[in-house]
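Undergrad: Structure in structure tokens, see below.
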Amino acid sequence: MSTSHHHHHHPPHLITTIIFFFFLNFSCLHANEFEILLSFKSSIQDPLRHLSSWSYSSTNDVCLWNGVVCNNLSRVVSLDLSGKNISGQLLTSTTFRLPFLRTINLSNNNFSGPIPHDIFTTSFPFLRYLNLSNNNFSGSIPRGFLPNLYTLDLSNNILTGEIYNDIGLFSNLRVLDLGGNILTGPVPTYLGNLSRLEFLTLASNQLTGGIPAELGLMKSLKWIYFGYNNLSGEIPYQIGGLSSLNHLDLVYNNLSGPIPTSLGDLKELEYMFLYQNKLSGQIPPSIFSLKNLNSLDFSDNSLSGEIPELVAQLQRLQVLHLFSNNFSGKIPQGVTSLPRLQVLQLWSNRFSGEIPANLGKHNNLTVLDLSTNNLTGKLPDTLCDSGHLTKLILFFNSLDGVIPASLGACKSLERVRLQSNGFSGKLPRGFTELQLVNFLDLSNNNLGGNIGTTWDMPQLEMLNLGKNNFSGDLPDLSRSKRLKKLDISKNIISGMVPLGLMTFPELMDLDLSENEITGVIPSELSSCKNLVNLDMSHNNLTGEIPSSFSEFPVLSDLDLSCNRLSGEIPKNIGNIESLVQVNISHNLLHGSLPLTGAFLAINATAVVGNTDLCSVNNATGLRPCEVERKRSTKCWWFVVTSTIVAFLVVLVSGFFIALVIQRTHNVLEVKKVEQEDGTKWEIQFFDLRFMRSITVNMILSSLKEQSVIEDKNGVRFVVKEVKKYDSLPKISEIRKLSEHKNILKVVATCRSEQVAYLIYEDVEGKRLRQILNGLSWEKRRNVMMGIAEALRFLHCQCFPAVVAGHLSPENIVVDVKDEPRLCLGLPGLLCMDAVYMAPETREHKEATSTKSDIYGFGILMLDLLTGKSSPGDEDLEFGVNGSLVNWARYSYSNCQVDTWIDSSIDTSVHQHEVVHVMNLALNCTVVDPQQRPCIKNVLKALESISSSSSSCTTLFSKLLSLA
């Protein structure tokens, strides 16, 4: 017994030894944490000094350091440095080796470079949470896995490459977020192994291929977010087995086929977003059994069929988006019984019949958009019963009857668009006193009544009453100080233009055309300093054109045609630098046409019908102005002397010109070569430095590669084929074209009997299409000015004028000095992009007029404004508006500018310029070639927009608010 007892009795020195080693080990580990954290600090930049507490001190207690959390044993278990503006690279994974570390959060900083490649192979097994999101990490996702990790968030970085199959080995993951990167390749099927995963987002990458059916094995999933990728194929029916799923988001992909019926089994689902895909067929009836649905968005697909009355089962539904599909039939009465329904958007379908009676009575409507359908009948008077309706959008239908009186009392309304229907009668009482309405469009209806009253709508920014039967005086809108667009055209308004119209400091568009307005044009109208478009045509206006019109700083379009205006045209109106189009036809004007600005290239149709008007420009069709002759002997002698001197100058000049021509003929070397197959080639050089270095064989061999030649000195040239032999410009023209700094120099031509080539210099730089995204406004403006200068040279200084022919960003090189250089298309050159062709060019298959170039330049300006290099015709996807031009014109006319301005343009600084370049671009792309401005006026407008930008500070931000 004593032996046994002695056996269990540990000697005191052994216990002391164990305690000593425990504290030694603890002390070493603690010191190791200390060194690791200080090493991490030394490798990063901390400009806001959040890590100032991380330093050597008497205590060396890391648990007191900012962002560090310890456990009861003073061991580091959490490192949270999120949102500290820290930058630098994670050069090693040492920081992740803290032995008891459970949480690492470095999100919302400026870390860059690759994530350490061994981060998933050397970390200690306690790590549960790793968040590196919202940084600038690049490279691929590291290989390996951490079996005990619960959360992995690498979202919103610049990670590239594929998602490796290793991801399926993170067997304990609950949250996986790889969204907002540049990941490519397929969604790995091995994700199906993550049976405990609850949150999965791979959104906003460049993933391709189908959605793997193995997702159906992930029974714990509550959230799937695969939006904004390039995924294709059908939605796998296996997703319907995810009984815990709450949120399904597959938007902005190329998914096709029907919506699986099995999705109706997702009883916990609250949010189903499938918009912007290519889904077809009908909505499965099972979908309407999802009684927990909060938001349902199937918009922008190719779905069809009718919406069943089963929709009434979705009693928790707040948002229903089915717009931009091919749905037909009646809008189901069932939607009227959804008590929580706030947003109902069914626009751009083929719905017919009447709007359901009582819609809004039992709903909580805030937004109702049923526009662009085939709806008929009257508006229900219950639409605003919730008291919260802000947007009522019903345009492009066949609705009729009066506007319900209840809408006149709908004080929550902010945006009302009822245009292009058949509404009749007067405006309801109170309708012109809605305090929150900022956008009101009632145009193209049969509405009538006297509107010459005082309107109390202080928030109003856009008012369109055009194409109706409104009568009486113009309305008093003096309380609508924010008004930017006013259109009352094509009514039967009478009376005079009220002085109250002068109180709109932000007014940009004013259209009073086709009415019966009388009296004079108030000179005070020029106080509207932001006015861009003014149309007062087809009225009964009398008196003179106010000379104060010259004070408009940004006026672009002026139409005063078809009135009874008299007197002379004020000479200073031509000094409005921004003025592009003027129409003063069919008035009683007399005197001479101004010889400045937009009047220099005015069309004959814009001045016709003024019998006493004359011009020194024969192209206007006006009679020539008579020059008063003074009979004076001195004057006669002056004329005779001047004639003799002029004759002598011409004689001497002719001698020198002949001499220059002779010398030019001598230096333009021609090299003639006959190849082995008998083909005879002729190379004409315009720069003798390259006569020995460029050969026919070099030119022909370059065509097999990238049409680039490099001579023995390393000088590079670009070769362009001419489609038609006889379309190669004359030698004198080609030499002239190479004189401008914004035109790539042509160094030689090469031709046989069948084909011809132009050989250009190859400047160091990049094509505009490659660098367009992210380009500053200053550089975009510099491109516009440079190409406009090149076009002015071609159109105005070359005789005959030369048509550039191809003005796409692919054909413009921006050199190392940021100077744009145009590679001339020239008539006959191959690869003309149809998007940059004017309508008349497409018809005749060739650009034959300088006006065609103006159209192409307009498209180029739209490219620079939107950042979207225009795709080919077959790829245009601008909804019902057809093309980039129509879409831009539609957006601009509806003040929806924020939908198409490139987000990288700093509009807070360049507000004025951007808006007016838009307007200029749309003027350049009108269908009628004669209505397009000449390049001189375009350039003048660009120069004036640039020079006056500092004086206009609020125009664009206000315009944005309209949309």
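Per-residue answers, yes or no, for (1) in contact with a strand residue (DSSP E or B) (Cβ under 9 Å, 6 or more places away or on another chain); (2) closer than 16 Å to Leu370 by Cβ:
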site: Leu290; (1), (2): yes, no
site: Asn301; (1), (2): yes, no
site: Ile307; (1), (2): yes, yes
site: Leu310; (1), (2): no, no
site: Lys330; (1), (2): yes, yes
site: Gly334; (1), (2): no, yes
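Table: residues versus (1) under 27 Å from Lys84 (Cα atoms); (2) part of a loop (DSSP other than H, G, I, E, B); (3) modelled with pLDDT under 90.
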{"position": "Asn134", "(1), (2), (3)": "yes, yes, no"}
{"position": "Phe137", "(1), (2), (3)": "yes, no, no"}
{"position": "Ile141", "(1), (2), (3)": "yes, yes, no"}
{"position": "Leu146", "(1), (2), (3)": "yes, yes, yes"}
{"position": "Leu149", "(1), (2), (3)": "yes, yes, no"}
{"position": "Leu152", "(1), (2), (3)": "yes, no, no"}
{"position": "Asn156", "(1), (2), (3)": "yes, yes, no"}
{"position": "Ile163", "(1), (2), (3)": "no, yes, no"}
{"position": "Gly168", "(1), (2), (3)": "no, no, no"}
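Undergrad: Looking at the structure I just gave you, is Pro47 surrounded by fewer than 16 Cβ atoms within 10 Å (Cβ to Cβ) and in contact (Cβ under 8 Å) with a residue 60 or more places away in the chain?
TA: Answer is no for this residue.
Undergrad: Another question, if that's okay. Which residue is nearest to Gln435 (Cα to Cα), if the candidates are limited to region 370-424 and must be basic (Lys, Arg) and touching an Asp or Glu at 6+ places or on another chain (Cβ under 7 Å)?
TA: In the first step, residues of region 370-424 are kept if they are basic (Lys, Arg); the result is 378, 391, 411, 415, 417.
Subset that is touching an Asp or Glu at 6+ places or on another chain (Cβ under 7 Å): 378, 391, 417.
Working: Lys378: 25, Lys391: 14, Arg417: 16 Å.
Going through the qualifying residues, I end up with Lys391.
Undergrad: Which residue pairs have Cβ atoms closer than 6 Å, lie 6 or more positions apart in sequence or on different chains, and pair a first residue in region 589-605 that is closer than 19 Å to Cys562 by Cβ with a second residue that is at pLDDT below 90 and acidic (Asp, Glu)?
TA: Pairs found: His590/Asp612.
Undergrad: Do you know which residues across region 523-543 are modelled with pLDDT of 95 or more and of a type in the set (D, E, K, R)?
TA: Correct list: Asp535 only.
Undergrad: Looking at Phe298, Phe226, Phe327, can you tell me which residue is touching a Ser or Thr at 6+ places or on another chain (Cβ under 7 Å) and aromatic (Phe, Trp, Tyr)?
TA: Just a single option satisfies the conditions, and that option is Phe327.
Undergrad: Within region 447-455, is even one residue within 26 Å of Phe351 (Cβ to Cβ) and outside any loop (DSSP other than H, G, I, E, B)? I'd like the intermediate steps shown before the answer.
TA: Residues of region 447-455 within 26 Å of Phe351 (Cβ to Cβ): 447.
Applying the additional criterion that residues be outside any loop (DSSP other than H, G, I, E, B) yields 447.
The answer is yes; a qualifying residue exists.
Undergrad: Might you check whether a residue that is part of a loop (DSSP other than H, G, I, E, B), within 25 Å of Leu365 (Cα to Cα) and in contact (Cβ under 8 Å) with a residue 24 or more places away in the chain occurs anywhere in region 461-484?
TA: yes
Undergrad: Within region 187-217, work out how many residues are out of contact with any helix residue (DSSP H, G or I) (no Cβ under 6 Å at 6 or more places or on another chain), assigned to a loop (DSSP other than H, G, I, E, B) and of a type outside the set (Val, Ile, Thr).
TA: Qualifying residue count for the region: 10.
Undergrad: Follow-up question, since we're still on this one. Need a quick list: strands (runs of 3 or more DSSP E) entirely within region 327-431 having at least 1 residues that are more than 35 Å from the chain's Cα centre (by Cα) and at pLDDT 95 or above.
TA: Values: elements: 343-345, 350-354, 367-369, 374-377, 391-393, 398-401, 415-417, 422-425.
So the answer is 350-354, 374-377, 398-401, 422-425.
Undergrad: Look at Leu152 and say whether it is among the aliphatic types (A, V, I, L, M) and either more than 15 Å from Leu183 (Cβ to Cβ) or within 31 Å of the chain's Cα centre (by Cα) (or both). Walk me through how you get there before you give the answer.
TA: Numbers: among the aliphatic types (A, V, I, L, M): yes; either more than 15 Å from Leu183 (Cβ to Cβ) or within 31 Å of the chain's Cα centre (by Cα) (or both): no.
No, not satisfied.
Undergrad: Take Pro356 and decide whether it is farther than 16 Å from Pro332 by Cα and touching a helix residue (DSSP H, G or I) at 6+ places or on another chain (Cβ under 6 Å).
TA: No: the conditions fail for Pro356.
Undergrad: Can you report the number of residues in region 145-170 which are surrounded by 16 or more Cβ atoms within 10 Å (Cβ to Cβ) and among the small types (Gly, Ala, Ser)?
TA: Of the residues in that region, 2 qualify.
Undergrad: Consider only pairs whose beta carbons are under 6 Å apart and that are at least six residues apart or on different chains; among these, list those whose first residue lies in region 143-172 and is within 14 Å of Ala203 (Cα to Cα) and whose second residue is aromatic (Phe, Trp, Tyr).
TA: Listed pairs, sorted by first residue: Asn157/Phe137.
Undergrad: Shifting gears a bit: Can you pull out every residue in region 253-269 that is assigned to a loop (DSSP other than H, G, I, E, B) and within 21 Å of Tyr228 (Cβ to Cβ)?
TA: Scanning region 253-269 gives Asn253, Ile259, Leu269.
Undergrad: Any idea which residue in region 71-117 is surrounded by the most Cβ atoms within 10 Å (Cβ to Cβ), counting only those that are among the aromatic types (Phe, Trp, Tyr) and over 17 Å from Asn157 (Cα atoms)?
TA: Phe96
Undergrad: I'd like to verify a number: residues in region 736-787 that are of a type in the set (Ser, Thr, Tyr) and crowded, with 18+ Cβ neighbours inside 10 Å, how many?
TA: 3
Undergrad: Here are some conditions: (1) crowded, with 19+ Cβ neighbours inside 10 Å; (2) in contact with a Gly (Cβ under 9 Å, 6 or more places away or on another chain); (3) at positive phi; (4) not charged (D, E, K, R). His538 meets all but one. Which one does it not meet?
TA: All conditions pass for His538, except number (2).
Undergrad: Right, something else. Within region 226-250, restricting attention to residues that are modelled with pLDDT of 95 or more and surrounded by 21 or more Cβ atoms within 10 Å (Cβ to Cβ), which residue is farthest from Ile211 (Cα to Cα)?
TA: Here the residue is Leu245.
Undergrad: For region 610-625: of the residues being of a type in the set (Gly, Ala, Ser) and exposed (fewer than 15 other Cβ atoms within 10 Å of the Cβ), which is modelled with the highest pLDDT?
TA: If we take residues in region 610-625 being of a type in the set (Gly, Ala, Ser) and exposed (fewer than 15 other Cβ atoms within 10 Å of the Cβ), then Gly621 is modelled with the highest pLDDT.
Undergrad: Follow-up question, since we're still on this one. Tell me, please, whether a residue that is farther than 30 Å from Arg751 by Cβ, at pLDDT 60 or above and of a type in the set (D, E, K, R) can be found in region 629-652.
TA: There is no residue in region 629-652 that is farther than 30 Å from Arg751 by Cβ, at pLDDT 60 or above and of a type in the set (D, E, K, R).
Undergrad: Take the conditions among the hydrophobic types (A, V, I, L, M, F, W, C), surrounded by fewer than 22 Cβ atoms within 10 Å (Cβ to Cβ) and at pLDDT 75 or above and apply them to Val835. Does it pass?
TA: Criteria not met by Val835.
The values are calculated or read from the model by the stated rules, or taken from the named source; none is laboratory data. Note that this is a predicted model, so its numbers are computed, not measured. Don't worry about glycine lacking a Cβ; one is built from the backbone with ideal geometry, like all the others, and counts go over all protein chains shown.
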